[in-house]
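See structure below.
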Amino acid sequence: KPKNLRKLALQLTIMSAMTKSDSRVPVTILTGFLGSGKTTLLNHILDDSTHGLRFAIIENEFGEVGVDEKILSEKSDEEVIEVMNGCICCTVRGDLVEALKRLHKKIAQFDAVIIETTGLADPAPVAQTFFVDDDIQSKFVLDGIITVVDCKHIIARLDEEKPEGVENEAVEQVAFADRILVNKTDLVDKKEITAIEARLRTISPEAPLIRCTHSKVDPMSLIKINAFSLDRVTAMDPEFLDTDAEHEHDESVSSLAFKFDGVLNINKLQDLISDIIQNYGANLYRYKGVLNVAGMSKKFVFQGVGMLFSGDFTTEWQPTDNKECRFVFIGKNLNKKTLTDGFLACKCDAVLRFKVGDEVLANVGGPSNPWAAGKIIKIWDQGNPYRIELADGDKTNVWGPIDTDYYVKAK
């Protein structure tokens with residue numbers, strides 16, 4: 001059959017390339033479901049000073065607005081970073097080929113390329129890129145596929161039923177792995193870890209399993225390991241080299257991604273995140289953001305999976321930075337209008353109604369009369385519009401969390 005002849009020709013070309021002295025740039029594909037810890041792992045690799053390697057990074061995000069490139073290690077200013085928004089295994093796969101070709105001369109000066117895929121990507125079409133394009137094949141070699149799994153959620157992801165004709169991405173990510181990082185072991189007990197590893201073994205019997213927390217592993221166990229085996233992959237998936245194979249995503253899964261200039265009130269945001277988690281729960285596959293918080297000189301980075309949320313102030317905004325707020329939510333059956341309206345409601349005016357020295361009434365939540373007299377002693381204190389000293393004899397300090405009459409009003 002013509003299709004089989006094409007595969008045979010591809011395999012012969014690959015074998016011919018492998019018999020020559022290999023000066024091609026090694027490529028590592030970093031995959032794993034949403035929230036598994038891929039970007040954290042990438043940051044560990046970039047920050048590690050022991051390997052002495054320089055990397056070119058290709059960052060892929062599912063939504064139209066990227067966040068990960070904003071939270072990649074700022075210490076690693078030597079790396080080439082190419083960002084592609086959209087699914088790398090289908091809609092922007094052609095962009096990957098063009099980026100690799102366009103950047104090859106610059107990338108060739110680096111030790112390796114790391115591609116971090118979106119958590120919704122099937123790694124097979126991405127890996128296929130390095131075998132079905134002659135130009136790419138002559139310049140790059142696929143070194144390995146590293147899959148990060150989240151111990152807290154991986155079983156639920158593997159068990160998730162998909163519509164007919166739609167592959168389970170979490171299963172594919174495990175099946176194609178050359179190394180599997182069993183991450184977030186601190187969130188489950190040892191018996192659960194053993195059961196998780198047994199389940200992973202049913203899908204990927206050969207890939208070494210590496211237990212870790214916070215994605216901390218030796219980078220040299222993942223990079224330049226010459227682990228990808230075309231024979232293994234084609235034995236598992238005979239259609240691997242078929243460029244005409246269809247690829248479908250679950251249409252109930254969508255992303256909400258947007259950005260805006262200006263500042264937001266951190267207290268409003270925390271209330272909103274709490275409501276979102278309660279309303280969407282397990283349907284939230286991944287959410288993250290980099291925020292410009294009113295009154296703060298540092299970026300606020302938040303991220304979460306399902307009901308697990310974390311957020312903190314990280315690095316200082318630089319004079320050259322575009323101080324904007326970016327959000328991405330990925331999940332099933334998201335109400336985009338509700339989420340968008342909620343985030344826009346968190347925006348605030350950096351100019352406040354009161355100034356330092358003004359006498360005000362602060363809502364301190366008393367049972368009979370919630371209002372207490374006080375004086376503004378600081379504005380924009382740790383993200384709060386007002387710091388107020390109460391006229392209670394003890395000079396008690398309280399915050400006015402939002403600049404409205406509900407919390408602070410004129411005396």
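The values are calculated or read from the model by the stated rules, or taken from the named source; none is laboratory data. Computed from a predicted structure; not experimentally measured. Positions of Cβ are backbone-derived with ideal geometry, glycine not excepted, and every protein chain shown enters the neighbour counts. All accessible areas refer to the heavy atoms of the entire protein, side chains included, with ligands and DNA or RNA removed. Shrake-Rupley method; radii C 1.70, N 1.55, O 1.52, S 1.80 Å.
Return a yes/no flag: does segment 320-339 have any residue that is more than 25 Å from Asp275 (Cα to Cα), buried (at least 16 other Cβ atoms within 10 Å of the Cβ) and more than 18 Å from the chain's Cα centre (by Cα).
no
Go through segment 119-159 and give me each residue that's small (Gly, Ala, Ser) and under 12 Å from Ile29 (Cβ atoms).
If the condition is that a residue be small (Gly, Ala, Ser) and under 12 Å from Ile29 (Cβ atoms), then Ala121, Ala124, Ala127, Gly144 are the ones that fit.
Please verify whether Lys347 is open to solvent by 60 Å² or more (accessible area, probe 1.4 Å), touching a Lys or Arg at 6+ places or on another chain (Cβ under 7 Å), closer than 26 Å to Asn292 by Cα and modelled with pLDDT of 90 or more, treating the condition exactly as stated.
no
Can you tell me which residues in segment 202-213 are within 17 Å of Ile145 (Cβ to Cβ) and open to solvent by 60 Å² or more (accessible area, probe 1.4 Å)?
The answer is Pro205, Glu206.
For segment 173-188, name all the residues that are open to solvent by 10 Å² or more (accessible area, probe 1.4 Å) and within 21 Å of Gly306 (Cα to Cα).
Answer for segment 173-188, where residues must be open to solvent by 10 Å² or more (accessible area, probe 1.4 Å) and within 21 Å of Gly306 (Cα to Cα): Lys184, Thr185, Asp186, Leu187, Val188.
Looking at segment 275-301 only, could you name the residues that are modelled with pLDDT under 85 and either more than 23 Å from Thr118 (Cβ to Cβ) or surrounded by fewer than 20 Cβ atoms within 10 Å (Cβ to Cβ) (or both)?
Ile277, Gln278, Asn279, Gly281, Ala282, Asn283
Looking at this structure, is Gly366 modelled with pLDDT under 90 and over 22 Å from the mean Cα position of the chain (by Cα)?
yes
State which residue is nearest to Asp349 (Cα to Cα) when the search covers only segment 390-408 and only residues that are open to solvent by 50 Å² or more (accessible area, probe 1.4 Å) and in a strand (DSSP E or B).
Checking each candidate, the answer is Trp399.
Hey, among the residues in segment 77-134 that are at pLDDT 80 or above and in contact with a His (Cβ under 7 Å, 6 or more places away or on another chain), which one's surrounded by the fewest Cβ atoms within 10 Å (Cβ to Cβ)?
For segment 77-134, the residue satisfying everything is Pro125.
Can you tell which of Ile193, Ile223, Ile210 is aliphatic (A, V, I, L, M), modelled with pLDDT under 95 and more than 19 Å from Asp122 (Cα to Cα)?
Ile223
Could you identify the single residue in Lys224, Lys216 that is open to solvent by 30 Å² or more (accessible area, probe 1.4 Å), in contact (Cβ under 8 Å) with a residue 60 or more places away in the chain, in contact with an Asp or Glu (Cβ under 8 Å, 6 or more places away or on another chain) and among the charged types (D, E, K, R)?
Step by step, each of Lys224, Lys216 is checked, and only Lys224 is open to solvent by 30 Å² or more (accessible area, probe 1.4 Å), in contact (Cβ under 8 Å) with a residue 60 or more places away in the chain, in contact with an Asp or Glu (Cβ under 8 Å, 6 or more places away or on another chain) and among the charged types (D, E, K, R).
Residue check: is Ile58 farther than 20 Å from Lys299 by Cα, surrounded by 16 or more Cβ atoms within 10 Å (Cβ to Cβ), in contact with a helix residue (DSSP H, G or I) (Cβ under 9 Å, 6 or more places away or on another chain) and modelled with pLDDT of 90 or more?
Spelling it out, it is not the case that Ile58 is farther than 20 Å from Lys299 by Cα, surrounded by 16 or more Cβ atoms within 10 Å (Cβ to Cβ), in contact with a helix residue (DSSP H, G or I) (Cβ under 9 Å, 6 or more places away or on another chain) and modelled with pLDDT of 90 or more.
Do we find that Asn369 is exposed (fewer than 11 other Cβ atoms within 10 Å of the Cβ) and over 21 Å from Ala294 (Cα atoms) in this structure?
yes
Looking only at segment 270-311, count every residue that is more than 22 Å from Leu34 (Cα to Cα) and more than 19 Å from the chain's Cα centre (by Cα) and tell me the total.
Residues meeting the conditions: 7.
As an exercise: evaluate Ala156 against (1) touching a strand residue (DSSP E or B) at 6+ places or on another chain (Cβ under 8 Å); (2) aliphatic (A, V, I, L, M); (3) open to solvent by 10 Å² or more (accessible area, probe 1.4 Å); (4) at pLDDT 90 or above and give the number of the one condition it does not meet.
With respect to (1) touching a strand residue (DSSP E or B) at 6+ places or on another chain (Cβ under 8 Å); (2) aliphatic (A, V, I, L, M); (3) open to solvent by 10 Å² or more (accessible area, probe 1.4 Å); (4) at pLDDT 90 or above, Ala156 is out only on (1).
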